[in-house]
Structure formats: structure tokens, C-alpha cells
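Trainee: Take this structure first; my questions come after.
We did not get these values from a lab; they are worked out from the coordinates using the rules stated. These figures come from a predicted structure and were not determined experimentally. All Cβ positions, glycine included, derive from the backbone under ideal geometry; neighbour counts span all protein chains shown.
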């Protein structure tokens with residue numbers, strides 16, 4: 001009987017569409033092993049951003065809320081909607097894989113995901129896994145994985161809505177409806193965001209930039225439906241689209257130029273979950289993730305190229321086999337077909353790539369001992385066969401203290417821009433290969449959680465731009481990470497600190513746009529119908545474009561007042577001290593902002 005309950009948990013966690021359990025038990029994760037497990041049993045360093053965290057933060061987009069997570073750094077070319085680069089534990093932005101309900105949305109041309117276009121109105125929760133998990137997800141996962149789960153329907157159908165106004169003529173609105181009727185659950189969510197913004201480039205540093213404000217508009221929609229035939233079989237359909245219309249500055253044009261771009265991120269997936277035997281759970285998924293970017297200058301498309309579109313067509317068959325009450329086996333087959341289309345002058349020499357993958361994993365608990373083993377083989381149509389693996393071990397000294405250790409290998413295939421972009425690409429560059437070791441000590445008792453982790457990631461043939469793409473013999477990022485959280489009555493505290501040394505070991509130079517020290521501290525307090533929050537974000541100096549960017553401290557404040565059980569008044573004040581130090585040389589930070597809104601939940 002216990003096995004049936006465990007398989008029921010698998011059914012709720014294997015497919016993102018069945019992840020409606022997340023509000024009931026927020027401490028269950030799936031990204032670190034691709035099978036459900038308690039957060040406190042994860043051998044990988046993992047952070048959950050829950051729906052409660054999202055609501056309390058009042059943040060507008062995924063990029064903003066990720067800044068508080070241990071090991072996470074972001075650089076952004078201006079305000080809302082401007083290109084954002086995500087670094088995990090000092091790894092390159094191209095070494096971070098972003099999944100949307102299990103679907104890849106990284107661009108095959110830039111190698112990164114357009115996280116600046118993902119609004120939190122659509123998001124149920126986020127899982128951030130730091131450290132190499134290439135043996136689970138293949139290329140791009142050297143630094144880690146960020147998996148975003150969109151909102152699901154549960155319980156009696158209910159309406160939700162929100163609206164608000166803020167600095168720079170910002171307007172934000174969202175509406176959704178979802179729930180469950182008989183054996184079918186569903187959810188539909190739509191949102192709109194608009195802001196006049198600021199001038200992205202600093203004209204004193206980049207005199208050719210247009211000094212006018214660069215606005216941004218986003219419209220997003222998500223929809224999903226799941227039908228449960230019985231306790232053993234279900235089918236689900238999910239769709240998502242975010243369209244960001246963005247004005248930006250160019251350092252190479254005229255001060256009067258008006259540059260705009262439209263970035264559309266979308267995904268569509270069809271999945272079936274079937275319990276084939278009492279101990280065998282099957283998850284079958286067909287999906288497509290798309291990143292479509294178009295650019296115009298003064299309303300006209302560039303003669304040298306203005307559109308870049310990636311299609312990630314994915315097939316996954318994952319099988320979870322329950323061996324005992326405390327051990328599970330993962331077996332899977334994946335097929336990824338990447339297609340690139342563009343009107344760039346000269347075109348790409350090759351426009352498609354196929355990757356066939358086999359993966360296997362084992363997780364087991366033996367009294368005080370815990371084991372995780374993963375192996376993956378990727379057959380890349382351009383680079384042949386690549387094997388990656390992970391070996392993890394945990395030991396529980398008692399109910400509160402435990403130690404963990406892991407060693408893993410990883411790789412990243414070069415992007416189509418790095419290989420074939422006319423006048424820039426280098427078809428002779430090699431894939432990146434990495435080795436990662438980490439050791440941790442963890443404490444969990446009641447509401448108190450402490451994690452101390454040492455990590456050492458070494459990448460061979462790291463791809464850098466000098467100015468075109470070339471391989472670096474060896475790069476290394478090693479350092480330590482400390483996370484702390486606790487709750488004292490009505491007061492909650494979360495803190496994180498990362499000390500790292502990202503460098504090219506051949507030259508000794510620091511890797512650009514990454515600080516050696518960054519940290520965060522968040523405090524929340526509940527007083528009757530009020531929920532108050534304060535946040536401090538610190539980043540040390542970093543190098544970019546041959547310049548040293550100053551360290552900075554950002555202070556944020558949030559407040560929520562429950563007018564009644566269904567209606568809440570919310571406020572977010574960001575960058576209270578008007579910190580004016582940029583994360584990218586020549587680009588302006590957003591500065592002090594204020595946003596006030598109303599949230600309704602039926």
C-alpha cells in the first residue's frame with residue numbers, strides 16, 4: 001500500500017501539468033533528480049520560490065525575484081524588458097538551462113533564455129538547482145537549471161485578478177480563472193505590463209545613444225488542462241506565450257535612432273502519465289519551445305538581418321520504477337531537434353541540430369546513507385556521442401545534521417551564433433566540457449535551515465569572445481555558499497551569501513560581469529492584516545568591457561494589507577537609496593521605483 005502512495009506522488013510530480021500539489025506541500029521538488037523528493041533530502045543545492053514568496057515580493061518579472069537566490073547574479077541592459085543575463089555560481093549565462101514546465105526555452109542562437117520577458121503573473125513556483133546537472137538535462141546545464149512552473153487549476157473554480165500603477169508610468173494588470181470540475185482541472189491566465197522606462201544607455205558614456213526613455217510592453221497568456229481518467233492514467237495539454245515589445249539603445253547608431261525589438265517566447269506541450277504496473281510510472285511528452293526575436297531601426301528592418309527564431313522540438317519518455325520504499329530507478333529517452341531560421345545576410349551555414357539522448361538515474365536511502373547516481377548519453381548530430389555522469393552521497397549524523405558530496409561531468413555544445421553567424425562565428429570552436437565537485441553541511445530543525453556548500457567547477461575549452469568566439473584552455477569557478485532561513489513568531493528571515501572566484505586560469509583574468517562576493521538578506525513581518533518585508537541585495541565589484549564596475553547595495557520594501565479575505569492592497573518600493581551603479585558598463589540601472597496595486601483572489 002505504501003508503494004501506491006509513493007507512485008501517487010510520482011504522478012503529481014513527474015509532469016509539470018500535474019504539479020498542482022505544489023501549494024499543499026511546497027517542500028517537494030522535482031528538478032534536482034527529475035523525480036519527486038523532499039527538499040531536505042536533495043543532494044543538489046536547490047532553492048524553491050513558492051507562490052507565497054511571489055505574492056509577498058510583488059515583483060513583476062522572473063529576473064527580479066531571482067536576484068535574491070543564493071548563487072544567482074543578473075546583469076541587465078537597462079530597465080524592464082531589456083536583455084538580462086543570468087549567472088549561476090559564476091558560470092557563463094550560456095551555461096544555465098531554463099525550463100518552462102519541463103520545456104527548453106533557451107535560444108539556439110544566443111544560448112540564453114529571454115527571462116526578462118517572463119512575468120510572474122503566470123508563474124506558480126520556481127525551482128533553482130545550482131551546480132552541474134548535465135547528466136540529467138544535457139547541454140547548457142553546467143551551471144545549473146532554473147525551472148519555472150506556470151499556474152495550475154485546483155479545487156473549486158475561482159477567479160483571480162490584479163491591477164496597479166507605478167513609477168515611469170508603469171501599468172500592470174492580470175486576470176485568471178482555474179480550478180477542477182469532476183476529473184478535469186484547468187487554468188487560464190492573461191497579463192499585461194507596460195512602462196515608459198528610462199534611457200537604457202548612459203549618453204555620457206555612450207554618446208551615440210538616444211537619450212530618450214526606452215519603454216517596454218508585455219502581453220502574456222498561459223493555459224492548461226488535465227483530465228484524469230482514473231488513478232492510473234491522465235493526459236494534459238499546456239500552452240504559454242509571452243510577447244515583449246521593447247525599445248532599446250544602440251551604441252553604434254545615431255542619437256536620433258529609435259531601436260525596437262519584439263521577442264516572443266512560447267511553448268506547447270502534450271503529455272500522458274500512465275501507471276503501467278504498480279511500480280512503474282510512465283511520463284510521455286511532446287513539446288515545442290520557441291524563441292522568436294525581431295528587430296527594427298526607425299521602423300525598418302535591418303538590411304543585414306533582423307529576425308532570429310529558434311524552435312526546440314522535444315520528445316521525452318521518462319520511466320520511474322519504484323524498486324523499494326526507499327529507492328527508485330529513472331530510465332528515459334529524449335529527442336531534441338533544434339531549428340534556426342533567420343534573415344541575416346549570408347545566412348547560417350547549418351540551421352539544424354539533432355540530439356538523441358538516453359538517461360538513467362538511481363536514488364536510494366539506506367538508514368543514514370543516501371545515494372544518487374545519474375548517467376546520460378547525448379548523440380549530437382554535429383559533435384557525436386557525449387557521456388556525462390553524476391555521483392552524489394549524503395550522510396545524516398542525526399535528524400538535524402547531514403553532510404553531502406558530489407562529483408559530476410558536463411558539456412555544452414556551441415550556439416549557432418558562435419559557430420556560424422556571418423562575420424562572427426567560428427566553426428572550428430569545440431564544445432565546452434566541465435567537471436564539478438561540491439561538499440556541503442546542512443542543518444534543518446523546525447523552521448531553521450542552514451546550508452554551507454563549497455563548490456569547484458572547472459571548464460575545459462570555455463567559449464569566450466575576443467572579439468569573436470574562441471576556446472579558453474581552462475576556466476575555474478570555486479567558492480563557498482551559505483544560506484540561512486528561520487521564522488521567529490511573526491518574523492521570517494532569509495539570508496544568502498556567495499563568495500566565488502570566476503577566472504580564466506590561463507591568464508588569471510576574472511570572468512566578466514561576475515562579482516567575487518554577492519549576498520542578500522530578506523526580513524518579513526506579519527502584524528494583524530499587514531505583511532511587511534524588507535530586502536537588501538549586495539554585489540561586489542565586477543569587470544566589464546575593461547572597466548571595473550562599482551559594488552552596489554539595493555534596498556527594497558514591500559507591504560501588503562488584507563482589506564478582506566479576497567482583496568489585498570500591495571506596495572513595492574525598489575532601490576530606496578536610488579543606487580546608481582550599473583551591472584553592465586554603459587547601461588543605466590532602473591533607479592528608485594514605486595508600485596501600488598490591488599490583488600483579488602476569489
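Trainee: How do 585, 465, 216 line up, fewest other C-beta atoms within 10 Å first?
Mentor: If I rank by nearby Cβ atoms, fewest first, I get 465, 585, 216.
Trainee: Output the Cα-based Rg and Dmax of the chain in Å, rounding Rg to one decimal and Dmax to a whole number.
Mentor: Radius of gyration, then largest Cα-Cα span, for the chain: 23.1, 71 Å.
Trainee: A follow-up question, please. Hey, can you rank 561-574, 183-196 by average C-beta count inside 10 Å, highest first?
Mentor: Most protected by this proxy first, the peptides run 183-196, 561-574.
Trainee: By per-residue mean of other Cβ atoms within 10 Å, what is the highest-first order of 200-207, 495-502?
Mentor: Descending packing order for the listed peptides: 495-502, 200-207.
Trainee: What value, in deg cm²/dmol to 500, does the helix sum -39500 (n - 2.57) over DSSP H runs of n ≥ 4 give at 222 nm once divided by the residues of the chain?
Mentor: For the chain, the value works out to -1500 deg cm²/dmol.
Trainee: Would you please put 225-233, 593-601 in order of how densely packed they are, using the mean number of other Cβ atoms within 10 angstrom per residue and starting with the highest?
Mentor: Per-residue Cβ counts within 10 Å, averaged per peptide and sorted highest first, yield 593-601, 225-233.
Trainee: Among 263, 544, which comes first, then next, by fewest other beta-carbon atoms within 10 Å?
Mentor: 544, 263
Trainee: Using a Debye calculation, one point per C-alpha and no hydration shell, please list log10 I(q)/I(0) for segment 205-306 at q = 0.14, 0.18, 0.20 Å⁻¹ in order.
Mentor: Per q value, in the given order, log10 I(q)/I(0) is -0.69, -0.89, -1.00.
Trainee: Between segment 78-138 and segment 530-556, what is the C-alpha centre distance in whole Å?
Mentor: For segment 78-138 versus segment 530-556, the Cα centre distance is 20 Å.
Trainee: Can you tell me the relative contact order of the chain? Whole percent, Cα pairs under 8 Å, sequence separation 6 or more.
Mentor: Relative contact order here is 12 percent.
Trainee: I would also like to ask the following. Quick check: Cα centre of segment 240-318 to Cα centre of segment 187-236, how many Å?
Mentor: Spelled out, the Cα-based centre of one part sits 12 Å from the other.
Trainee: Another question, then. Tell me, how many Å apart are the Cα centres for segment 487-502 and for segment 393-414?
Mentor: Cα centres, segment 487-502 to segment 393-414: 21 Å.
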